[in-house]
Structure formats: C-alpha cells, structure tokens
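What follows is calculated from the coordinates using simple rules that are stated; it is not laboratory data. Fair warning: this is a prediction, and the values are worked out from it, not measured in the lab. Using ideal geometry, Cβ is built from the backbone for each residue, glycine included, and neighbour counts are taken over all protein chains shown.
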Amino acid sequence: MRISSFLALASLAVLAGCGSSATWGWYVIDPTTAAGWTNIKFLISGMGDTILISVIAAVISIVLGLLVALPGLSEKRGWRIVNRVYVELIRAIPLLPMLFWVFYGLPIIFRSMGLNVPIDPFWGAIITLALSDSAFTAEIYRAGIQSIAKGQREAAQTVGLSYAQTMRYVILPQAIRRILPPLANQFIYIVKMSAFASVIGMQELTRRANELVVTEYRPLEIYTLLILEYLILVLLISAGVRWLERRMGSDERS
Amino acid sequence: MAASAIELRGVNKWYDTFHVLKDIDLTVASGEKVVICGPSGSGKSTVVRCINKLEPHDTGIIRVFGQEITNDPRSYSAMQGDLGMVFQQFNLFPHLSVLENLTLGPTKALGLNRKEAEERARRYLERVRIPDQADKRPSQLSGGQQQRVAIARALCMEPKVLLFDEPTSALDPEMIAEVLDVMITLAQDGMTMVVVTHEMGFARKVADKMVFMDGGEIVEQGPPDHFFTTPKSERCKTFLSQILQH
C-alpha cells in the first residue's frame, strides 16, 4: 500500500517535471491583442470547409445509405448478401487508410483504366467520409424500416401501391422519426472525423490548428480552441435536430 | 351459374416442414358470401392471405376471375384492384388522416385526381357511417371506427371481392356490432365476400356457404342451414358446440 502511494506520488512528480517547461500561454489566442486576434481569425477560417465537407458528405451518405439498406430488406438472399458485404467491408476499414486509398489509390486505378479523374483534397475527403458513414447509415435505415409493422406494408400492397410507393408514402414517413436521432449522431461523427481531411491538405479547422501550432509552438492552447470550435458545431447540430424532431412530432400518432 | 370469382384447386403450402394448407379446394361465385371458421392455427387466415398474395402458395392453382395467380409479381398486379382486404389489426396508416388513408390507393394506384378521390372517400365514409371523422388521425378513433375506416379504405379501390381476416377479433365486445352491421349492409348490397370469423350470428345472417377448417384442411363446407343444424364431421360438431355454447 505504501509502495503504491509512493509510486503514484513519484509519477505525479515526473509528470510535473515534464510540464515544467510548459506553462499556460493563452496569449496566442488572446482576442485583446492584435496577434492573438489574428490567430483566432486564422483558426476560425477553417470552419467553412469543415461545415461544407461534412454537410455534403452527410447528404451523400443519407442517399447512399438508403440505397444500400433497401437490398438488405429484400426477400431475395442474393440482394441481402450484397448489402451485408458492403456494410461489413466498409464498416471495417479505418478512416485514415480509406482516406489514403481514395485520395492516392483511386486516381491510380482510374488511370490504369485509361481515365483521367483527378481527386482533389476537397472531394477526396467528402468521398471518404460519405463512403465510411454510409455503412452505418444503411444499418440505421434497415433497423428503422424493419421497426415499422409488417401490416403496414401489407395494407399498402392491398390498396395497390407499388414497392416504391409503399416506401415513399407509407414506410419511410413513419420510419423517419425513429431514424432521425441516430442519423444526427452519425452527422456529429462525420463533423469530427472530417478532421482527418487535414492529412491530405484540406484547409479545415484541424489543419489550421496544426499549421498554427507549427509556427506558435502552443499546441495545448490552440487545440483547446479547436475543441471549442467542434463543440460549438456539435451543439448547433443538436439544437437543429431537436427543432426538427419537435416539428415532426406534431404529425406522429399520439 | 354465376362465373366463379375465386377458385382454389389443390392448394398446398408449407412453412418449412409445417404443412399449413392441405389440398385446399374452394370456389367463390360472384356475389357469394363465404364464411370460413375453425380453431386458431387451422390455416383459415392463410387461405385468405394466399388468395391476395400476401403469402405465396407452394402447389396448386389459384384463379381470380379466371386469371391464374402465380407467385410472379406481374400475375397479381393485375388482379389487385379486384380484391380488397380488411385486416384483424386494421393496419391503417397512422401518419395519415382518415381521408388520406382512403385516398392514397385511389390517387397513387388508380390514378384518380385528388378531388375525385376525396369525393369517393367521403362517399364510402358515409357508407360505413363515420362521415364526420375524415380529418382525424386513426389513433383518435375507437377500434370499431378504425375498422370501419379500414373497410372504407378497401371499398375506395372499388374491388369486386372483399376479403376479411378476422375483422372483429381485435375489437372490444361493444364495438363488434357496429362493424358487423356495416359488413351486413355490404353483403345485402351484393358484394362478394370471403370472411374469416368466429361470429356465427353474422355467418347465419349473411353466409351463402360455410367452410370449416381444421389442421390445414377444409373439413366441411356447405350451406349454413345444414352446417349449423347437421354438421357431418365430429371435429366440426365439437368446434360448433364450443363456440356456440355461450
């Protein structure tokens, strides 16, 4: 017991020693000084691209996810296998290697097929995020659609609706309210994972922070501001989703 | 003799190894009212669900107005307008108003415009005696009202045959009569009906033919006066005595 407390104290001392050269240096992001204000403006300037990448990726993922989910609900085994293979494969690939594959690998594959399709960091990031997220979105759709009672589909069939009409007018409008909260979670995931776009040179929030760290040597303070920036984005998304849910709530069954 | 509306010849169906329908032969003539009864698990709902292709059958022939219904989706899209269906659990669309429940099929599947579909919907709401509930949601109605909306929804497709799968089984006792009354009116107006039900009073009143099923087969079928007074099989006698003793 005495030895363990000694070890704890010793490790604290070591940690304190490590930090001895690192005192706080909030001056780098002090808005009252001209230099600090310039730094803040530089950091925030990545916001636009972070939002743009995330929103476009989320929209693609929402459409792609539905297209992947539908064969998973098919009666035919072949279609379900297509869905399973896609979901299991895409879900298993870590984001960073996938990003490299899309950004560096895809152009090589296209070139070997005689096509010249350049992929810039902007679309490289979007494709990667959308692809990676679509596997999760697909599973959310599948669960949401399956949660709607089978009788709804049967009733739609007996009043002559086609498969597409049944989905559009009967199943999806009921499923969407159950799907929305987990989809919002995924959107938050996309926003945070968009930080990876910094490694292929996208000038978004994280890249700006990294660049400033290199010139200012104050990672702790700069990354603290970075955390705040993501926090604000995520809180805004949460508020938006709650507003949407309230609006939809009005036409759900009581 | 009237042309047969529905014809089943040697229909068999299995759930894996469980033989749910055994050599079902059944003919429903145009204008005829057929009541199917039997203990639960006897396959009576499955018969109805195979006729309108909510479930596939494995062997045998099902014809609707002479046209064979196979498990190929193209074969039954043509007959779908001919068959209306009323479910035990109503299966109304909870996110739509009563009126929208009624107009969805006619506008999307039959190509009626909104005005025509609404006129038709109000006409049938009148017929099931709830003309004033058009703008409510299904969840705001009682069970009996919901089932009458479901009947109106089926009628809006103007089917030639109405199939009922235990339409009163999910209802509180005091609401059963209002639904049966509507069904009796439909029967009197000449609608061809196939009704799976335990309501023997209703059956006596409207049925042209009684069908008794047990263990996946049709044990007995015939006109109701014979059926109720002199059932031929033991199983049918037992069933009737159980269901009629109260």
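Some notes on this structure:
- Pairwise label distance in nanometres, residue B:184 with residue A:168, each label 7 Å out on the Cα-Cβ vector: 4.4
- Label-to-label distance, residue B:135 versus residue B:244, with points set 7 angstrom from Cα along the beta-carbon direction: 4.9 nm.
- Exposed chymotrypsin sites (Phe, Trp or Tyr not before Pro) absent: longest stretch of chain A, with sites in DSSP loops and at most 12 other Cβ within 10 Å deemed exposed: A:25-216
- Placing +1 on the Cβ of every Lys and Arg and -1 on the Cβ of every Asp and Glu, with nothing else charged, gives the protein assembly as shown a dipole about its Cα centre of roughly 460 debye.
- Spin-label model, residue B:237/residue B:208: points 7 Å from Cα along the beta carbon direction are separated by 3.0 nm.
- Overall form of chain A per C-alpha gyration tensor (a/c, 1.5; a/b vs b/c): prolate
- Dipole of the stretch B:48-191 [Lys/Arg +1, Asp/Glu -1 at C-beta], most positive-end residue of B:91, B:102, B:151: B:102
- Charge dipole of the stretch A:104-254 (Cα centre as origin; +1 on each Lys and Arg Cβ, -1 on each Asp and Glu Cβ, all else neutral): 560 debye, rounded to the nearest 20.
- When +1 charges are put on Lys and Arg Cβ atoms and -1 charges on Asp and Glu Cβ atoms, the dipole computed for the stretch A:36-128 relative to its Cα centre reaches about 280 debye.
- For a paramagnetic label modelled on residue A:110 (point 7 Å from Cα along Cα→Cβ), amide N atoms under 18 Å away belong, within the stretch A:202-244, to A:202.
- The Cβ shell under 15 Å around residue A:56 holds other residues with a net charge of -4, Lys and Arg each +1, Asp and Glu each -1.
- Calculated [222 nm] ellipticity per residue, helices only, for chain A: -24000 deg cm²/dmol; basis is -39500 (n - 2.57) per DSSP H run with n ≥ 4, divided by all residues, nearest 500.
- Within the protein assembly as shown, antiparallel bridges make up roughly 55 percent of the DSSP beta bridges whose residues both belong there.
- Computed E for residue A:27/residue A:101 - FRET, C-beta separation, R0 60 angstrom, nearest 0.05: 0.90
- Distance from the Cα centroid of the stretch A:185-254 to that of the stretch B:166-221 is 61 Å (rounded to whole angstrom).
- Per-residue ellipticity at 222 nm, computed for chain B from helices alone with -39500 (n - 2.57) per DSSP H run of at least four residues, works out to -11000 deg cm²/dmol.
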